[in-house]
Structures are given as structure tokens and as C-alpha cells.
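Just so it is clear, none of the values below were taken in a lab; they were calculated from the coordinates. Remember, it's a predicted structure, so these values are computed and weren't measured experimentally. Here Cβ is always computed from backbone atoms with ideal geometry, including for glycine, and neighbour counts include all displayed protein chains.
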Amino acid sequence: MDIFSPIESIKRISPAYQKRLQKLGVKTLRDLFYHFPFRYDDFSIIKPIAQLKLNEVATIQGEIIDIKNTRTWKKRMFITEAYIQDQTGIIRAVWFNQPFLINTLKIGQIVSVSGKVNFDKTLYFSNPAHERLFAIDSQLRHTGGLIPIYQETTGLTSRWLRYIIKPLLPKFVSQLKDFLPLEIKRSQSLLDLGKAIEQIHFPKTEKNIQTARRRLAFDELFLIQLFVLQQKLKWQKQKALIINFDRQLIKNFVDSLPFKLTNAQRKSAWEILQDLEKSKPMNRLLEGDVGSGKTVVAVMAMLQAAKAGFQVALMAPTEILAQQHFKEVVKLLKGQNITAGLLTGNQASVNNNFVIPAHEPESRSGSRVPACRTGRKPGMTKKILLSQISSNQIQVLIGTHALIQETVRFNNLVLVIVDEQHRFGVAQRAALQKNVASIKDGSINTIPHLLSMTATPIPRTLALSIYGDLDISLLNEMPKGRQEIITKIVAPTDRNKAYEFIRQQIKEDRQVFVICPRIESQTSNGYGNEARIVESQTSDVTSSRNEPRGRQTLNDRRNWDDVKAVKEEYEKLHKIIFPDLKIAMLHGKLKPKEKEKIMTDFKAGETDILVSTSVVEVGVDIPNATVMMIEGAERFGLAQLHQFRGRVGRGQHQSYCFLFTESSSKNTNARLKALISCKNGFELAEKDLEIRGPGEFYGSKQWGLPDLSMASLTDFSLVKNVRQEAQKLILKDSELKNCPLLKKALERFQENVHLE
Ligand code: ADP
Ligand code: MG
């Protein structure tokens, strides 16, 4: 048997337990060793019985002088009661509903007992941890030290895990090959791998726990770094076309704008334009809060590329966003003699395709997306557009993902811009890059430069790790003169006042968003409803890391009962509160077409109130909307709440964000207050990450990263150290030829982790 043997080969583990371990993702002995405790009970204080004090947590050791089972009459509960004696005194220990204990604990045995000291007439232990002491120096597993508590599952307890893991460790831990290069271990003062694994399971001191965790977290973060840095190298090894930076052109464009660029916009645009001058393909992320003005920065890059005679593609996640961009880009590029095209509604509805010259007079390309000008026959429009793209008559093509996935043939595409690529992870990015890299056009051996844009702020530690393959430009400054959105937490008793306020706003022709955390309210077995998982993944109900699994689930279930649901809320507003107003409902279960229609109607002012789940958060611009009302605000992350808030205040009218919550927890209150005082998406993201941890921040478990490395993703100095070490190593040995063990570890890591 070795470290990679399946758990089936471990004799002490019965088939029933094998199944339970599988449930925890433990398939091999190595997995078992890597099933780390998430906390420890500190039972390290061992005391004589006479010195015990009320409420302290301690361990005593003595002889069982009496033990018996009784049953309570009222609740029909089993109580096991034992008396334990040492040289200084006697103490009572009580266990509830574990009648089988008297089969293992017998009078005359010497035991070690740990727990909190309670009082009922005399001092006693309630449900203490316990184990038999066979000899004076017998090794303790469950009492008398720092006792590991693991993630459990039905029928599989931490006690059992300790019982199994402890004897296996000394026998097999030496088989774990330490894959970290020696220099790195030395310079970072890291424990050896085997030692760290032993210590994380059975530490002697708090310090032991810390050093073990640091080593093991380092490993995971190091592998992430190597992965993203290799990814980056791979990308950079390819060739892109050089687009010369025509400073006069850009200066003239900037001068012609109706507003002054912010310094952040200027700096970002310069970074991008300088990237484009290189033969290495750009892979840059333009990150900026909602309304920070990313579009105009992207347009500067478009302008430069188009004027140099090349083509640019801009992709948006939905049709409505693509149309919005099209309008905006056409407006910004007016007078530049550049032709822009819009390609959406692929295959399904060819009628939705439009081609118009960018220099179309304002009246035609004004408020509405103009009607098709290249023919109304289905199929025709798209065909003509495609031929214009392939013959280089279109310089800027805007549309959905279909742009690079479908058989669009560009003539000489040099730049791909992706907007609002929401929460995209390494794997999705790799897929996108592959797509982009595989675009075949006139120039065979080059790939386009890639610019991504996002309004989702990325905390520093993630920017240096999970997003470490990207160069990042930051729009950390808002254009001048933006109105402040008034944010308020509304008490349940003030709900009607809020409705009155909404009515007033609508009377003044404004529009209102109502966001709810779920689609439908709880049915009897509605728990596990897919929509809930998808649309509310960022809820914070499971954030309490210190509670064992089973309990989290219970909490979860209880809390979801009173979560506001879109359908219910829609019915209520529609039938009772505002029967005279036009109300629409939007959620992720609708077909894309239906969603599109609802958004388009809302944008056109045909609906007064839009009741929606979080699907509304992506950058749709509705300048006339002035109220964002968020139900169950505690369910959403701060960054996400901030995104919602960014949906209003986009026109000239004073706007409001109302936060409703049924939760009275301190934590919730503190979080929501942070939203009132802080208007900066980056700061909120950092706070969010701090409060909820990366797992919850980006949707639970989505990366498949172990909890430890998830937690360490908030440790800035560790992340920075790891990055430096990884960069040094990759610079010396990008293929890890001299580190075969590390190479192997990285391969295994890539198989198990999906950073998406
Ligand atoms: P986002 O970063 O959310 O995509 P947009 O690019 O849509 O933001 O810009 C939001 C609005 O701000 C647009 O109407 C745009 O014309 C305007 N805008 C952009 N930059 C500036 C600026 N420097 N000063 C004033 N308004 C600006
Ligand atoms: Mg935008």
C-alpha cells in the first residue's frame, strides 16, 4: 500500500465508511491526509479535578467509579451519567442520547475527559470528549491537547477521522514527495511537507497550526501562480500585429469629446495603446466601477486600430448590451469615417441584424436602434454583413459572443474587446483566449490583441493570483459631477413609506427596480431549487466557517423560508400595492428572448417597475430609472449590491437605493452600513472579501480549491511572496524541467481545480 492507494485498501475502513469518505471527496490515502481540520478544540489544559472552575474548558484524567444509563420521562431521552475520580476529587460527566457509551466506558477504567465545565448543584461536564487511557504515556487523540475538528458527513465524525488518520500518519507521511524547491523552502522558512501534514492534523501548539497552514497554503497558491504564469507565457509566445500609436490622432479625438477624460481614463488608454504597439499580443483587463467610463477608453483603442486599417471586434454578453454599445460607439466615432456593424441574434433571428454606416446622420442612428438597411429578407442581412466583414468594409464589429464563435470571417482582425465578462475565471479566460487565438483571418501567423472590461472589482489578492495572467488597468476615479445616489436601509415598519415614495417617483415619470434574491418562494421541498443556487450563490448564509457542515445546511434551509421571491413580490406589487401601474418581472428562468423583450420595454419606458433577480446586474443603461429597491439585501455580496445600485443614477435625476432586510444580525447591519458610507466598488470588494472569504465572494466552491487556499487568498503578503517566488522560478525554468516533482504536482492540480 502507498500514499496513492485507494481508501478501499485500508483495512480499518469498512465499505460503509469508504462510501462516506467518498462523499467528502476522499478517494485515496493522500486525499485523507489532505482532508484538513478547519478548526481545533483547545483541550490542552490538563488539571486536577479539584482545580476546575466554572465555564473553563479543560481536561481531567481519572478512574470511572460509576456509570449508568437513565431515561428522562418527558422527552424519552437517554442520559449516560458517569463519575470520575482522581487524587483530588470526583466529577460527574453526562452524555445525552449516546446509550451505547456504557459498552465502551466501564467502571475501573482510566479515562481522559475534555470539555467545558458546567454547574448544576455541583460542577459537571456535559457531552465531553473522552477516551480511554491505556498507559500513562498513551497517545491522546480526542482529549488533552489541540483537537482537530474536520468537515463531517452523516455517519462520519471528527472522532472517527482522528482515530483513522493518527496511526496512518507516521507510516505513510514520508511517502508524500515534497515538491517545493529547496531554495524556496529555505528563503520562505517553510516546513517540510510531511511535517506540515502531521502538524496540521495533530498540532502541539497554536504556532504549529500556523506554520503548517502557511506551508500548505503556500503550496496551493504557488501552484495557482505557476498555472497562471505559464498561461501568460503561452499567450505571450504568440505573435500579434503591431498597431502604431498615432498620438496626434488620439489627441484630436480626446479634444473632440464633450467631456474631459479622467486621469485614470487617460492612463488606462495610454497603457492599452502602448500594448498595441508591441508584437506580443495584449491581454489586458480594464477594470472600472459602473459609470467610470470604460467605453470611451475602449473606443480609443478601436479608433487607433481602425485608422491603421485593421478590424476590431467588441463582444457583449447580451443583445441588449451589444445594441447599447453599438449606439454609444457609433456616437463616439462620429465623423471619423469608420464603419461599424452590429451582429446579434445569431442563427435564431436573422431579422435582428443591422448594418449601418457609423457616419449615419444623428436622426437615423439616434435614440432607437435603426431598422435594417441592407435588406429585410431573412438571411439576407446577415449574409451581406458577413461579406462586408470579410471584405474589410466593416472596421468595427459589435455583437454577442457569436462574433468569435461563429463562422464570421474577418479580413484583418487585430483587436478583440470583451465587455462585462462577468466573474470570469481562469478556465473561461483560457477558453476565450483559445477562441480569440483561433480566429483565422488575412494574417495567418498572428492572433488579435485582447482587451477585457469588467465592472466587478477584483480585490488585490485575487488580481495577483487567480487573475495573475492578466495585465490590469484600473479606472479608480469617477468622472466629475456624478450625482451621489442616496442609499438607505429601510426598516420593515417603513415599507409603506417606501412604496409611497416610489409612487411619487413614478408620477414624475421615473422608473423603479425591485431586486429579490430568489425566483419562487419556498415550496415544501423547494429546497435545492436550481435557480436559487444559480441566482443567489453569493448569499452569506453559509459564511460561518466555524460550524460543522450539517448545521450550516439547517441554517440555510431555515433562512431561505423568508427570502423574498420575485414571483411573489411581483404578484403583491401588481395586485395589491400598485394595481394601476405597469409592472414586469425578470428572472433567469425566462428564455433569452423573453428577457431581452422585458429589458427593451423597460428601457423604452413602457414599464414602471421591474421586479427582478440578480440577472439585471449586467451593465444595462436605463437613465430614467431612479429607484433601486433591494429585498433581502443581506443575501447579496457588497460588490453585487454596489452593482445593483449602479443601475440607477445614470441620468440627470436624483436617484435612490433602498435596502430591505429582515435580518437583525450585527454582521448584516455592518455590511449594509458599509454600503451607505462607501461609494467605491474597489473598497467594497476588499471589505466583502474580508468579511465573507473568497469562497462566498465569488460563489461557493466554484473553483474547486481547497478551503485552506481559499482562505489564504485573503492574505496579501503571502500572495505577494508566492507570486515573487513563482515568477523567479518561471523565469529560470518555464517548463519546470528541473523540477519534475513540481511539474507533476502542477499537472495534478490542473486536473482537480477548475478556476472558472
Ligand atoms: P462603464 O464604465 O460603466 O461602461 P460608460 O463607458 O458606459 O461606463 O460611461 C458612462 C457614461 O459616462 C457615458 O455616458 C459616458 O459618455 C460618460 N463618460 C465617460 N467618461 C466621462 C468623463 N471623463 N466625463 C464625463 N462623462 C464621461
Ligand atoms: Mg459598460
| request: Name the residues whose placed amide hydrogens come within less than 5 Å of the amide hydrogen of Leu342, ignoring near sequence neighbours (fewer than 5 apart) on the same chain. | output: Phe354, Ile356, Ile398
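Mind ordering 455-461, 40-46 by average Cβ neighbours within 10 Å, highest first? Walk me through the numbers before you get to the answer.
Details: 455-461: 22.3, 40-46: 17.3.
The most tightly packed comes first, giving 455-461, 40-46.
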| task | Enumerate the calculated ³J(HN,Hα) couplings along the range 729-737 in order (Karplus 6.51 cos²θ - 1.76 cosθ + 1.60, θ = phi - 60°), each rounded to whole Hz, writing x wherever the residue is Gly or Pro. | result | 5, 5, 5, 6, 8, 4, 8, 6, 5
| Given 5 Å bins starting at zero, what is the percent of C-alpha pairs of the range 45-144 in each, up to the one with the largest pair distance? | 3, 14, 25, 26, 19, 9, 3, 1, 0
| query | Can you list the lysines whose alpha carbon sits under 17 Å from that of Lys331, skipping same-chain ones fewer than 8 residues off? | reply | Lys260, Lys294, Lys307
| How do Cys516, Cys678 rank when sorted from fewest to most other Cβ atoms within 10 Å of their own Cβ? | Cys678, Cys516
| said: Sort 319-327, 78-86 by packing, meaning the average of other beta carbons within 10 Å per residue, with the highest value first. | reply: 319-327, 78-86
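Rank by packing, highest mean first: peptides 26-35, 287-296, with packing defined as the count of other Cβ atoms within 10 Å averaged across residues.
287-296, 26-35
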| Label-to-label distance, nm, for residues given as Phe245 and Gln727 (7 Å Cα→Cβ offset) | 2.0
| task | In nm, give the distance between the simple-model label positions of Lys27 and Asp580, each being 7 Å from the Cα along the Cα-to-Cβ direction. | result | 6.4
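Under a Cβ-Cβ cut-off of 13 Å, what is the net charge of the residues other than Asp246 that fall near it, where Lys and Arg count +1 and Asp and Glu count -1?
+2
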| said: Under a crude label model (7 Å from the Cα following the beta-carbon direction), how far is Asp66 from Leu54 in nanometres? | reply: 2.4
